[in-house]
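Report on one structure; see the data block that follows.
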There are 2 protein chains.
Amino acid sequence: MPSYTAPLKDMQFVLHDLLDVSGQDIPGFSELDRDFTAAVLEESGKLATEVLLPLNTVGDTEGCTLENGVVRTPTGFDDAFEQMKAGGWTAMDCDPDYGGQGLPYIMHMAAQEPFVSSNMAFNMYQGLTHAAYAAIYFHGSDVQKATYLPKMTTCEWTGTMNLTEPHCGTDLGLMRTKAVPQEDGSYRISGQKIFISAGEHDLAENIIHLVLAKIPGGPEGIKGVSLFIVPKFLVNEDGSLGPRNGVSCGKIEEKMGIHGNSTCVMNYDEATGYLVGEAHKGMRAMFTMMNEARLGVGLQGYAQAEIAYQNAVAYATDRLQGRDVVAPQNPDGPADPIIVHPDVRRNLMDQKSFLEAARALTYWCAVLIDRAHKTEDKDADGLASLLTPVIKGFLSDKGFDYAVAAQQVYGGHGYIEEWGMSQYARDARIAMIYEGANGIQALDLVGRKLGQDGGKHIMGFFEMVKSFIKENEDDADLKTGFLDPLKAASKDLQAAGMYFMAEGMKNPHNALAGSYDFMHMMGHVCLGLMWAKMAKAAKSALAGGASDTEFYETKLATGRYYMARQLPATAMHLARIQTGAAPVMALEAANF
Amino acid sequence: MPSYTAPLKDMQFVLHDLLDVSGQDIPGFSELDRDFTAAVLEESGKLATEVLLPLNTVGDTEGCTLENGVVRTPTGFDDAFEQMKAGGWTAMDCDPDYGGQGLPYIMHMAAQEPFVSSNMAFNMYQGLTHAAYAAIYFHGSDVQKATYLPKMTTCEWTGTMNLTEPHCGTDLGLMRTKAVPQEDGSYRISGQKIFISAGEHDLAENIIHLVLAKIPGGPEGIKGVSLFIVPKFLVNEDGSLGPRNGVSCGKIEEKMGIHGNSTCVMNYDEATGYLVGEAHKGMRAMFTMMNEARLGVGLQGYAQAEIAYQNAVAYATDRLQGRDVVAPQNPDGPADPIIVHPDVRRNLMDQKSFLEAARALTYWCAVLIDRAHKTEDKDADGLASLLTPVIKGFLSDKGFDYAVAAQQVYGGHGYIEEWGMSQYARDARIAMIYEGANGIQALDLVGRKLGQDGGKHIMGFFEMVKSFIKENEDDADLKTGFLDPLKAASKDLQAAGMYFMAEGMKNPHNALAGSYDFMHMMGHVCLGLMWAKMAKAAKSALAGGASDTEFYETKLATGRYYMARQLPATAMHLARIQTGAAPVMALEAANF
């Protein structure tokens, strides 16, 4: 049945050969040597394989149940959650002042990957807590931090994000949830929030809801939105739990996947809430959570594709069907394993060449975020903010596509639930939707990020690609296999940017009609850049006499595949973009 | 909640404006005038909307249950099945000698579309019966036809196809099910078949299983496979039901979707079977079923995308979120409907421009099949056989993609089951797998169909495209918007064919590594051809003073979108194909 082994060798390759984490001049990075990261990731992989993986099907099959306001998580989730907490996995990059281990964010992200691959629904309970931790950490008062963070670091208390209401998701300006100021400085929160992941459950003694609401009399629309802490149980001054607050779960949703996570309708009925940061500036704090969450969602996309890929490879190696058209590869058996067939290879290579570059891109962005936070490097911050919608949108789109592609390797066995492949596709599907549907990511990228700080960050990105190509084009092999295709793809991307500048001025629809294509184009260029850099790293390891030549040769072959067979997509996206808004907007709404 | 209206206007446009069915010199076609087809399709649409659609969610939620060997279908399926039978929908194109209505196959296909859109799982019970009918009709003896067909025409008895075994799907040569000859001319069938759709259920008094099995002592592999009729209840000479045969349902599968259809493990334990056609020639008869079934699966692909699209349009028109970036379109409301946003449009146009051409392609192929059967036109037969894997593979791939895209329009509401969008995606997913997984369709296309009859049919296809372009390029508008892009795409497809010829000779892997891309390329060229022809038809209707100018103008705008924004994909596929087998086959199996 489903299996999973953390791809430790590849994770190590990205951290050290590609990103040279221990050599970065970022506080705390010098201790991230190969032995240290290996030790951490091995343990994370072990927990994933031994504890979380067996619960993945259980979570999918049982789902969560709501009875008399109490949500029960699937069998075994509570024990696993205890092990997750006991291992300190929830606290890795949290501030030691609040009980964290103070490790870099990149270590948190890398350690999360096996958890997400092996049991995405389960891992969301701690994942959302981490995002809520970040919002309070960066925007809360000292008292709020002291009150909530130590318990959230350990996941004794978990966290949630409450944005969506029945009539508003993307457009939070339409929000109706109200926060009425009280004399003691607190607020009374009333309203209904939907799609609240881990909104209610039995894994923690308290749940700290972060809730967006409007203070009556404040500015209209999105500028009148504030952020509040609304604990399930109020917290006494001594830190003990007080009375139950006026918040309850009205319903849990039946969903396509992630059944192990409780997706709740949350009702706030004059619940006590505490303002986080300034009044009416709630979106700023919420974006702290969202940006982190978006990177995590990109990781979910490729991490689901990773476990699906691993199982597809196992099946393709095991399943005997047909013969290699050139010569039997398993002449003593009744048939050859299906991995001999070129189209099965094509499918597996598509998956593998995506996955490894997606991991590299995500880890790279995590390092940029560390650099931004710890060295106040504004360029790193700008680049991370440019990459975030690409990582969220492109990696979740492709992650789903490849989970579906892996399912296809199984034929009919992929469609029945018995083999687990359906679940990876169903679970991965949500990553394209939540934390801002991917169309919104494309809008964020084209409508905001491209022009941010005068276009400085996208120009910096192009400059980085250009100088990498320039610095390395003396290597003829690298040039042919990697740099030339990257140059062509990057040129397409620039041409699209130029088109947006020229035509978007005339009519913004010309840019927005191509935003989704641009997001995918930029995703390809990012993965192409990662492959070019990984190829350089692999060649340099081989030149340096690395013993594991097979690993590095495989890396190079996988990269060549991506450059040759995936990057040509940029020309198609450019052609689509350059048609502008006219064909897209040609119809009256009534004629659809 | 979910809604569906049969797209009668568009169906009529395809049948009459595009295909001119009543003007075809095919026996039985002259009666297919506009009034007649409108009357039939209106009734089919009515049954779909009023009876089948409300049961779609019921089927998904309840699924089928197996208890003591008895399979129960979801609540209401039995009544609906009675209405389906009473309306004569199961018998439309069946032979009047066996109780059928003798209508052309195209009428059967067109009438099926609303059934498939509104309830795919339900419609499979009759769909498979129809395929089993065809196998017996074309390959059975007169006695077999007289015994089984009248009851199968009415669906009093339903049919199944039994190919797959636990260890063999694509490679049927590995089959273990045995058929031992008896003195009375019958056979004793023993073995296990899996993934048998409608294998056991409570909708019919008898089930006629068509079973592939090997007669001991026959040729090895696929050449030793024979086809048998194995009725659930043996049939007495007077046509009444005799004793229960040795066939039973061992299990029903839990699946990703089509829960309303029972997917059975069928155990044959010395069951009585009757040879259909010649011994060891079972695959030929099975291919009669398969080819028909494959066209039906292509229809399933786009028909699921159709209902998903209709609901996405309704939601996009209804849901208020954000403002048109240029100018508010709903200034008196709190926000604009999301259909104003260019990226939502882009998504809906992708769907619409695919759907309408997919319908045209499928109906065209059905007419070719009618022509082949009724006039013994070998070219029509060859072209239909060339198009079949494209229709099955490309339309089911894209149909699933667009069902997913439609789900995306709903944001979080698309992921919860309440709105029904998840089901369309989950149901559509199977179409990529069954009746030969899409990789097998690509193999069939490139490995068999391209070279069939000396490459005559693909050459004929290219010739048809070329002469259509030539005949119409005096129309400057048609030329710019349709013919030029079609010419470019067709050139790409030809270049791919040339590459296969040149490089496939050296190593067949060079062709097979590009087979999937070729199938998609050819799909795009086919849809491009359909759009060019539909554009011509629309222009000619407008020139002829058609009253419904809005419909025809919309048709033209939708076609222009496809040509401008979808056809450029062919260049990407060509680039991928021209990399050959080297990047695809670079890795040792152990290095995946």
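Descriptive notes on the structure:
- Top-ranked residue of the stretch A:78-113 - restricted to ones that are in a loop (DSSP other than H, G, I, E, B) and charged (D, E, K, R), ranked as surrounded by the fewest Cβ atoms within 10 Å (Cβ to Cβ): A:Asp95
- Some residue of the stretch B:351-372 being part of a helix (DSSP H, G or I) and more than 23 Å from the chain's Cα centre (by Cα): no
To keep it simple, each residue is scored yes or no on (1) hydrophobic (A, V, I, L, M, F, W, C); (2) within 28 Å of A:Ala86 (Cβ to Cβ).
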residue	(1), (2)
A:Leu212	yes, no
A:Pro219	no, no
A:Lys223	no, no
A:Phe233	yes, yes
A:Asp238	no, yes
A:Gly246	no, no
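- Neighbours by Cβ (under 7 Å, 6+ apart or cross-chain): first from the stretch A:252-273, at the interface with chain B (Cβ under 10 Å from one of its Cβ atoms); second β-branched (Val, Ile, Thr) and not in a strand (DSSP E or B): A:Gly257/A:Ile430; A:Ile258/A:Ile430
- Residue within the stretch B:557-565 that is free of Cβ contacts under 8 Å to residues at least 24 places away in the same chain and not basic (Lys, Arg) present: yes
- Only one of the listed residues (B:Thr61, B:Thr75, B:Thr57) is in a loop (DSSP other than H, G, I, E, B), touching an Asp or Glu at 6+ places or on another chain (Cβ under 9 Å), open to solvent by 30 Å² or more (accessible area, probe 1.4 Å) and closer than 22 Å to B:Met1 by Cα. That residue is B:Thr75.
- Any hit, the stretch A:432-444, residues being of a type in the set (Val, Ile, Thr), modelled with pLDDT of 95 or more, in a helix (DSSP H, G or I) and open to solvent by less than 20 Å² (accessible area, probe 1.4 Å): no
Here's the yes/no breakdown for (1) in a loop (DSSP other than H, G, I, E, B); (2) without any contact (Cβ under 8 Å) to a residue 12 or more places away in the chain; (3) under 18 Å from A:Ala271 (Cβ atoms); (4) under 26 Å from the mean Cα position of the chain (by Cα):
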site	(1), (2), (3), (4)
A:Leu149	no, no, no, yes
A:Met161	no, no, yes, yes
A:Gly173	no, no, no, yes
A:Arg188	no, no, yes, no
A:Ile196	no, no, yes, yes
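Residue-wise test of (1) in contact (Cβ under 8 Å) with a residue 60 or more places away in the chain; (2) among the basic types (Lys, Arg).
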{"site": "A:Ala488", "(1), (2)": "yes, no"}
{"site": "A:Lys491", "(1), (2)": "no, yes"}
{"site": "A:Gln494", "(1), (2)": "no, no"}
{"site": "A:Tyr499", "(1), (2)": "yes, no"}
{"site": "A:Phe518", "(1), (2)": "yes, no"}
{"site": "A:Leu529", "(1), (2)": "yes, no"}
{"site": "A:Lys533", "(1), (2)": "yes, yes"}
{"site": "A:Ala546", "(1), (2)": "no, no"}
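- Selection status of A:Asn472, under 25 Å from A:Met349 (Cβ atoms), open to solvent by less than 20 Å² (accessible area, probe 1.4 Å) and over 25 Å from the mean Cα position of the chain (by Cα): yes
- Of all residues in the stretch A:400-426, those satisfying the criterion of being within 7 Å of chain B (Cβ to nearest Cβ) and among the hydroxyl-bearing types (Ser, Thr, Tyr) are A:Tyr415, A:Ser422.
- Residues being more than 7 Å from chain B (Cβ to nearest Cβ) and out of contact with any helix residue (DSSP H, G or I) (no Cβ under 6 Å at 6 or more places or on another chain) - total across the stretch A:427-450: 4
- Selected residue (criterion: farthest from the chain's Cα centre (by Cα)) from residues of the stretch A:533-561 that are within 9 Å of another protein chain (Cβ to nearest Cβ) and of a type in the set (Ser, Thr, Tyr): A:Thr554
- Residue in the stretch B:218-232 that is open to solvent by 20 Å² or more (accessible area, probe 1.4 Å), assigned to a strand (DSSP E or B) and not assigned by TED's automatic domain parsing to the domain that holds B:Arg72 present: no
- Among the residues of the stretch A:332-350, those that are at the interface with chain B (Cβ under 9 Å from one of its Cβ atoms) and part of a helix (DSSP H, G or I) comprise A:Ile338, A:Ile339, A:Val340, A:Pro342, A:Asp343, A:Val344, A:Arg345, A:Arg346, A:Asn347, A:Leu348, A:Met349.
- Residue check for B:Arg359: within 24 Å of B:Val409 (Cβ to Cβ), of a type outside the set (Ser, Thr, Tyr) and away from chain A (no Cβ under 14 Å): yes
- All positions within the stretch B:445-460 that are surrounded by 22 or more Cβ atoms within 10 Å (Cβ to Cβ) and either of a type in the set (D, E, K, R) or touching a Cys at 6+ places or on another chain (Cβ under 9 Å) (or both): B:Lys449
- One residue stands out among those in the stretch B:494-526 that are under 23 Å from the mean Cα position of the chain (by Cα) and aliphatic (A, V, I, L, M): the one that is surrounded by the fewest Cβ atoms within 10 Å (Cβ to Cβ), which is B:Val525.
- Tabulated pairs, the stretch A:302-331, first within 11 Å of chain B (Cβ to nearest Cβ), second among the charged types (D, E, K, R) and open to solvent by 50 Å² or more (accessible area, probe 1.4 Å), C-beta under 9 angstrom, 6+ apart or interchain: A:Gln329/A:Arg323; A:Asn330/A:Arg323
- Considering the stretch A:568-587, the residues that are surrounded by 24 or more Cβ atoms within 10 Å (Cβ to Cβ) and more than 7 Å from chain B (Cβ to nearest Cβ) include one that is farthest from the chain's Cα centre (by Cα), namely A:Ile577.
- Output for the stretch B:255-297, where each listed residue is in contact with a helix residue (DSSP H, G or I) (Cβ under 6 Å, 6 or more places away or on another chain) and in a loop (DSSP other than H, G, I, E, B): B:Met256, B:Gly257, B:Ile258, B:His259, B:Gly260, B:Asn261, B:Gly277, B:His280
- Wholly enclosed helices (runs of 4 or more DSSP H) of the stretch A:506-567 bearing at least 2 residues more than 26 Å from A:Pro583 (Cα to Cα): A:515-543, A:549-565
Yes/no per residue for (1) within 30 Å of A:Val404 (Cβ to Cβ); (2) among the hydrophobic types (A, V, I, L, M, F, W, C); (3) out of contact with any strand residue (DSSP E or B) (no Cβ under 6 Å at 6 or more places or on another chain):
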position: A:Phe228; (1), (2), (3): no, yes, no
position: A:Pro243; (1), (2), (3): no, no, no
position: A:His259; (1), (2), (3): yes, no, yes
position: A:Val265; (1), (2), (3): yes, yes, no
position: A:Gly282; (1), (2), (3): no, no, no
position: A:Thr288; (1), (2), (3): no, no, yes
position: A:Ala293; (1), (2), (3): yes, yes, yes
position: A:Val313; (1), (2), (3): yes, yes, yes
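The rows are residues; the columns are (1) of a type outside the set (Ser, Thr, Tyr); (2) modelled with pLDDT of 95 or more; (3) touching a Gly at 6+ places or on another chain (Cβ under 6 Å).
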| residue | (1), (2), (3) |
| --- | --- |
| B:Met124 | yes, yes, no |
| B:Ala131 | yes, no, no |
| B:Ile136 | yes, yes, no |
| B:Cys155 | yes, yes, no |
| B:Thr177 | no, yes, yes |
| B:Gly191 | yes, yes, no |
| B:Gly199 | yes, yes, no |
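- Residue match in the stretch A:303-318 (condition: more than 29 Å from the chain's Cα centre (by Cα) and either at pLDDT 95 or above or more than 22 Å from B:Pro583 (Cα to Cα) (or both)): yes
The values are calculated or read from the model by the stated rules, or taken from the named source; none is laboratory data. Keep in mind that this is a model prediction, so the values were computed, not measured. Every residue, glycine as well, gets a Cβ built from its backbone with ideal geometry; the counts of neighbours run over all protein chains shown. To get the accessible areas, we keep the full protein, side chains included, count just its heavy atoms, and leave off ligands, DNA and RNA. Shrake-Rupley method; radii C 1.70, N 1.55, O 1.52, S 1.80 Å.
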